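Here's the structure, in structure tokens; my notes come after.
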Amino acid sequence: MSEPQIIQGGMGVAVSGWRLARAVSKLGQLGVVSGTALAVMLSRRLQAGDLDGQMRHGLEHFPLPAIAGRVLEEHFIPGGKAPDEPFKLTPMPTLTPRASLVELTVVANFVEVFLAKEGHDGLVGINFLEKIQLPTLPSLFGAMLAEVDYVLMGAGIPRAIPGLLDRLSAGDDVTLKIDVQGAASGDEYVTRFSPREFCNGTPPQLKRPKFLGIVASATLAMTLAKKSSGRVDGFVVEGETAGGHNAPPRGPMRLTAEGEPLYGPRDVPELDKIAALGLPFWLAGSYGRPGGLADARRLGATGIQVGTAFAFSEESGIDPELKRQVIELSRQGKARVFTDPVASPTGFPFKVVQLEGTLSSSAAYEARERVCDLGYLRHLYVRPDQTVGYRCPSEPVENYLRKGGKIEETEGRKCVCNGLPATVGSAQAREDGTWELPLMTAGNEVANVAQFLAAGRSSYTAAEVIAKLLEEPPQTPETVANDLTVVSEPSSSAVPA
């Protein structure tokens, strides 16, 4: 099967869920599910009653019925919890996670990919963040049990992942080195996963998915191509106009007058050097528009990755009312994002859609009581007694300081772990009667999502996005001249979540 022209971006927590990925894959492109915090989402969907039965349908097909049964028994509430009742929390990821969290993580990734692949023979991928390391091994295994076709990974340098895919496909035990702040030279901290132990016997031989590294520079692409632990099958080349986490500017962080990171010529990826690696690559950010695919192809790319346009389609996981508001703002020419240099605990710039009633509001941010109860973006660090601790710049400030953190590291930090599930209708209820507010991310192209609306419509589908992206732009003397010119850089490039 040939490579897809369009990759639908893996966005947020359940923004690019199985429904969106399935819709895109059925149309011959690469649908991608977000692999971020899927254990949390499966648990909350089951606690909400799984009213359409899809989670239980996926569980019925999990190849180890006893494990699926335990997940169902622990998390499913027939009819759903009371609306104002808090969700029961899932365990926080750690170096040595509880067996129940490992099972939930494997099953959740299986269910999401299984549902995305059901009913068609198209390609499905899953997107992970290198910055979220602790759940990676069971997440990969669960996705591979469901025969995922591609694994995409960015927000760091995921050199270990290609080799892990090789070993997991063979049923071998695997380890992943984990970043720990304050670790002494030579100290190594790892998390482990054993397919044999998980399956309580001989593990299955699994298809090895293709691996695409998400990069923002030729240097990173070359590092992955030459120094990874296994085969790299291509790249998604992102710049600073895409949604979610952006690569920071090269060199010292400088800010614009509005307080956003300042990017310059050094941050534009050298596409000629990436092309010289001989691997397919897709351009991401500001290509999600009619003519964007043709522009990317002229620059030597196989195709494009598009996130924002799909994020506001009918099939995406974003709450329908939030989608309606953003589309209307786009129609009015008022939709915008702010590239927040400090919002994310990862330390990466994070694009936040500016919308009343969400955590983009400074008043809402100030009013929220800090809490860290999901823990996917916690940093591991070495305590004075040489044991490993966990801290997050978004947790209560006094807790962070007690763990040796610095006060300046807490300023402006938002709880991404709680804000993203709220964006897809799974907000946590708090004891004081408040709810976690959405934290919505998108790329600069959010300003233009209304272009996908048909006349008289207030929403659009993934199919309508694909149809517009595949439109051939009219040939003009300028585009003909461009076709005859060697171009090494796009006019803009970008980076999704």
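The values are calculated or read from the model by the stated rules, or taken from the named source; none is laboratory data. All figures in this text were calculated on a predicted structure; none of them were measured in a lab. FYI the Cβ positions are ideal-geometry reconstructions off the backbone, even for glycines, and counts take in every protein chain you see.
Looking across the range 84-106 at every residue that is over 18 Å from the mean Cα position of the chain (by Cα) and not in a loop (DSSP other than H, G, I, E, B), the one that is nearest to Cys199 (Cα to Cα) is identified as Glu103. Total residues in the range 113-160 satisfying the condition of being in contact with a helix residue (DSSP H, G or I) (Cβ under 7 Å, 6 or more places away or on another chain), farther than 25 Å from Asp173 by Cβ and without any contact (Cβ under 8 Å) to a residue 60 or more places away in the chain: the figure is 0.
Listed here are the residues, each with its yes/no results for (1) among the hydrophobic types (A, V, I, L, M, F, W, C); (2) part of a loop (DSSP other than H, G, I, E, B); (3) within 26 Å of Gly49 (Cβ to Cβ); (4) in contact (Cβ under 8 Å) with a residue 60 or more places away in the chain.
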position: Leu420; (1), (2), (3), (4): yes, no, yes, yes
position: Ser426; (1), (2), (3), (4): no, yes, yes, yes
position: Leu439; (1), (2), (3), (4): yes, yes, yes, yes
position: Ala447; (1), (2), (3), (4): yes, no, no, yes
position: Gln451; (1), (2), (3), (4): no, no, no, yes
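Can you confirm whether Ser139 is of a type in the set (Gly, Ala, Ser), in contact with a Phe, Trp or Tyr (Cβ under 8 Å, 6 or more places away or on another chain) and part of a helix (DSSP H, G or I)? Answer is yes for this residue.
In this structure, does Arg370 turn out to be farther than 26 Å from Ala462 by Cα and buried (at least 22 other Cβ atoms within 10 Å of the Cβ)? Spelling it out, it is not the case that Arg370 is farther than 26 Å from Ala462 by Cα and buried (at least 22 other Cβ atoms within 10 Å of the Cβ). Put simply, of Thr485, Thr461, Thr423, Thr410 the only residue that is touching a helix residue (DSSP H, G or I) at 6+ places or on another chain (Cβ under 9 Å), at pLDDT below 95 and β-branched (Val, Ile, Thr) is Thr485. For Leu329, the conditions (1) surrounded by fewer than 18 Cβ atoms within 10 Å (Cβ to Cβ); (2) without any contact (Cβ under 8 Å) to a residue 40 or more places away in the chain; (3) within 30 Å of Leu437 (Cα to Cα); (4) in contact with a helix residue (DSSP H, G or I) (Cβ under 9 Å, 6 or more places away or on another chain) all hold with the exception of (1).
For the range 237-260: of the residues being assigned to a strand (DSSP E or B) and modelled with pLDDT under 95, which is surrounded by the fewest Cβ atoms within 10 Å (Cβ to Cβ)?
First, the residues of the range 237-260 that are assigned to a strand (DSSP E or B): 237-238, 245, 255.
Those still in the list that are modelled with pLDDT under 95 too: 238, 245, 255.
Working: Glu238: 29, His245: 26, Leu255: 12.
Of everything passing the filter in the range 237-260, Leu255 is surrounded by the fewest Cβ atoms within 10 Å (Cβ to Cβ).
For the range 211-223, the count of residues that are at pLDDT below 95 and part of a loop (DSSP other than H, G, I, E, B) is nonzero.
For the range 396-418: of the residues being basic (Lys, Arg) and in a loop (DSSP other than H, G, I, E, B), which is surrounded by the most Cβ atoms within 10 Å (Cβ to Cβ)? Explain how you work it out, then say what you get.
At the first step, the residues of the range 396-418 found to be basic (Lys, Arg) are 402-403, 406, 413-414.
With in a loop (DSSP other than H, G, I, E, B) added as a condition, the list becomes 403, 406, 413-414.
Details: Lys403: 15, Lys406: 10, Arg413: 22, Lys414: 24.
Per the stated criteria, the residue is Lys414.
Taking first residues from the range 286-303 that are surrounded by fewer than 22 Cβ atoms within 10 Å (Cβ to Cβ) and partners that are hydroxyl-bearing (Ser, Thr, Tyr) and part of a helix (DSSP H, G or I), the Cβ contacts under 8 Å between residues at least 6 apart in sequence or on separate chains come to Ala294/Thr479. Of the residues making up the range 278-313, those that are within 15 Å of Ile214 (Cβ to Cβ) and touching a helix residue (DSSP H, G or I) at 6+ places or on another chain (Cβ under 6 Å) are Phe281, Leu283, Tyr287, Ile304. Just one residue in the set Ala99, Ala66, Ala39 is out of contact with any His (no Cβ under 8 Å at 6 or more places or on another chain), of a type in the set (Gly, Ala, Ser) and surrounded by 20 or more Cβ atoms within 10 Å (Cβ to Cβ); that residue is Ala39. Based on this model, can you work out whether Thr358 counts as in contact with a Leu (Cβ under 7 Å, 6 or more places away or on another chain) and either crowded, with 21+ Cβ neighbours inside 10 Å or over 20 Å from Ser458 (Cα atoms) (or both)? Considered against the rule, which asks whether it is in contact with a Leu (Cβ under 7 Å, 6 or more places away or on another chain) and either crowded, with 21+ Cβ neighbours inside 10 Å or over 20 Å from Ser458 (Cα atoms) (or both), Thr358 comes out as yes.
State whether one or more residues within the range 295-310 are closer than 21 Å to Gly419 by Cβ, hydrophobic (A, V, I, L, M, F, W, C) and not in a loop (DSSP other than H, G, I, E, B). Reasoning before the result, please.
Within the range 295-310, the first condition is being closer than 21 Å to Gly419 by Cβ, and the residues that meet it are 307-308, 310.
Narrowing further to those that are hydrophobic (A, V, I, L, M, F, W, C): 310.
Right, trim to not in a loop (DSSP other than H, G, I, E, B) and you get 310.
Within the range 295-310, one or more residues are closer than 21 Å to Gly419 by Cβ, hydrophobic (A, V, I, L, M, F, W, C) and not in a loop (DSSP other than H, G, I, E, B).
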